[in-house]
């Protein structure tokens, strides 16, 4: 009996005089004393659980947790431990026993923490419930109420002295892992080995120099390509000042559709067409494989004794910009062996 009384007095001393239970130690039966001892042990266990959980209570999160950085698998530090404590206290237990269980929270974000966080997110309307601790989850936790210490359990009609929380700074080596968006891997270049310009060399049947068909060609390739730029060189003897108003057209049956223009005379013998993709036009308004095209121009007839010539040529790979038709951000490599691509040489006369 003396040992039991000593245990009771020791426990009461631990919680202070304010928790003393009004009871008569002498004259009570062993069973009655055991009931009071069990009640005190339950009180101790409840207080220990509250000390372990810190200031986080059901439905609230600490300011340090809601202001921490993003946390995910592999993250370490004090914020992870606070998150585990919060989950354990709010219906999403990290583990029933061992590491991560109530009172045994750790500073490592592992699969069990991820699963518990996903459970909490699903229960509280955070989408996606992926187990990633980011801005949405922090905002939700903060909106559920600021931290307020819960009143300690009472016993015998009295309230124990308030627990004074010791503020402990996070260890200097605590780290937080932040997941950055993956950098998209650029697509490899489209290799076009069979590109060919099938140039027509017609007999000059008329001398309509105001709408002169200077370069008539069909693009051939098994790949679905699109050409957004063509640069021609005028290789004939005709003076640049006597040729202008270049037009690149697509030929469909008997009709011609204008794709691009080059206004004025050649610049040091060069003419360049730049095409702008347009989803509302056939083939996006670009030069494509299988298409038939012409370069038309206006020529001023020379009246000199020497009859000048005029001709267009695509000199090198840099004079043509080729892309994948289905992904215009994906450039194509073309064989250098097909250059130069020369057109007919016309002699200009009256």
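Listing for the model above:
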{"quantity": "Cα gyration tensor category, rounded, prolate or oblate, for region 214-319 with a/c compared to 1.5", "calculated": "prolate"}
{"quantity": "For 297, 113, 237, order by how many other beta-carbon atoms lie within 10 Å, fewest first", "calculated": "237, 297, 113"}
{"quantity": "Contact order normalised by residue count of region 191-347, Cα under 8 Å, 6+ apart, percent", "calculated": "35 percent"}
{"quantity": "Diffusion constant of region 63-143 at 20 °C, which comes from Stokes-Einstein with the Kirkwood Cα-pair radius and 1.002 mPa s, µm²/s", "calculated": "177 µm²/s"}
{"quantity": "Region 239-311 - percent relative contact order, Cα under 8 Å, separation 6 or more", "calculated": "37 percent"}
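Here, each number is a calculation from the coordinates, and none is a lab measurement. Predicted model, so just to flag it, every value in this text is computed and none were measured. Here Cβ is always computed from backbone atoms with ideal geometry, including for glycine, and neighbour counts include all displayed protein chains.
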